[in-house]
1. Determine ³J(HN,Hα), in whole Hz, for all residues of the range 379-390 in sequence, where each value follows from phi through the Karplus function 6.51 cos²θ - 1.76 cosθ + 1.60 and θ = phi - 60°; x replaces Gly and Pro.
2. Counting only heavy atoms of the protein chains, get the accessible area per residue of the range 242-330 (1.4 Å probe) and round it to a whole Å² value.
3. Got a sec? What order do H135, H291, H245, H362 fall in by accessible area at 1.4 Å, biggest, i.e. largest, first?
4. If you average the sequence gap of Cα pairs under 8 Å that are 6 or more apart and divide by the length of the chain, what percent do you get for the contact order?
5. Take the solvent-accessible surface of the protein heavy atoms, probe 1.4 Å, and return the percent of it on the chain that carbon and sulfur atoms account for.
6. Counting only trypsin sites (Lys or Arg not before Pro) that are in a DSSP loop and have at most 16 other C-beta atoms within 10 Å, tell me the longest site-free stretch of the chain.
7. Loop sites only, by DSSP: take the GluC sites (Glu not before Pro) in the chain that have at most 14 other C-beta atoms within 10 Å and name the longest stretch containing none of them.
8. Output the 0 to 90 degree angle, nearest 10, between the alpha-carbon long axis of helix 98-112 and the longest principal axis computed from the alpha carbons of the chain.
Amino acid sequence: MTQNIGNHPPGPGQQPPYGMYPPPKPRLSDRANSFWLRVTEGMQLNQLWTQFRTDAKSSYRLYSKEVDSTRMAGMGPSDHFFSVARQFFWAIIEKLTPARRVLLLIAIALVVLPGGEWTFHTKSETVKVIAFDFHFYGGLLMFALLILEVADRVVMKRDLQIAKEIQTWLLPANPPKIPGLEVAFTTRPANTVAGDYYDVFARPQTEPGSETFLIAIADVAGKSIPAAMLMATFQASLKTLSSTHSSLTVLVSRMNRYACGNSQNGRRFTTAFIAEYDPASRRLTYVNAGHNDPILRRQAGVIERLGTGGLPLGIMEDAIYQSSEVTIQAGDWLRIFTDGVIEAENRYRQEYSEQRFITMLHAGVMLAPAMLLNTVMVDLDRFVGDAPQHDDITCMLLRAT
């Protein structure tokens, strides 16, 4: 009987020991498929096309904000076209740093220029021809510019991800247990971070058995990082000021004075709905600071709107705020939301509308708040389709039991 020792190859009819030879190389088709899956992250062609259209529309909106496409009187079609093209060109190039602008202009010039040849004679009368492919070098510069922009995007994406994680810590993951009240909430930022804020938390007790809960939803004007930073200041001021034993109107007035110091002369204002719920008496005291009126649906189906309050926070330092009070009975529903819900648009620029929102709420009164909220969000997604999200979406549902 023949036995293989060491790394000697096996004899005829014998199997090689396990691990003796490297595994066979993958086929070219397998490697191509693996490469494609890595590039597309498993997305189908229709999904890639939808994502490309969304990105293209978003980029066009970014640049077109600085383009005046109005045709002046007496301007011909060709002059109007070149005027819009020139504005669009500057809207793009001014987004780059000066050094990258020069790099882009050189790259465009090399791409546009035709290839050339240099012909010269040597001392031995030998003709030498040196060909220059300007297109190649133009493409190379474009690729270098792409690498620089991608590097910036990666750094920004990492910073945004950190900001998103911090913002997640500021928002409650689950609602607290409130006697006689079921709560559900959700938020969906238009960008990585949002300017919407929501919270439900117990306010410090003034005496045993007098625990109340603050319910808040706010919408900072704008989106992304600036709005998210102001949202963080709103959260900090609310948590700090709510620890003092003061009425709701005094609390909101103090928050308004604080907001005015960070609002850039009223340009960065915040709409907010802040309420205090007393489980013992079922009374809800609220102040609406320029926010969308929350909808109170009574058990019998009657709709009430909670609009008493005043100006958005951060506009006028000495603004006066009024409060109002309602009693929440078993079977009543309270819906608090930001304008991103009812103003969500589909591809035909039609809004989701408050009426459709109310219809969904009427149809789901037998569901638990979390289930009804999920149903509303599914209906909203179905309505919007593949249209881009223009604003942050936040919604809170409360049901009295």
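1. With the stated coefficients, the range 379-390 comes to 5, 5, 5, 5, 5, 6, x, 9, 5, x, 7, 8 Hz.
2. About 47 Å² of surface per residue is accessible.
3. H245, H135, H362, H291
4. It rounds to 13 percent for the chain.
5. With neighbouring chains kept in place, the figure for the chain is 58 percent.
6. 178-266
7. 126-316
8. Helix 98-112 sits roughly 50 degrees off the main axis of the chain.
The values are calculated or read from the model by the stated rules, or taken from the named source; none is laboratory data. What you are looking at is a predicted structure, and each value in this text was computed from that prediction instead of being measured. Here Cβ is always computed from backbone atoms with ideal geometry, including for glycine, and neighbour counts include all displayed protein chains. Only protein heavy atoms, including side chains, enter the accessible area calculation; ligands, DNA and RNA are left aside. Shrake-Rupley method; radii C 1.70, N 1.55, O 1.52, S 1.80 Å.
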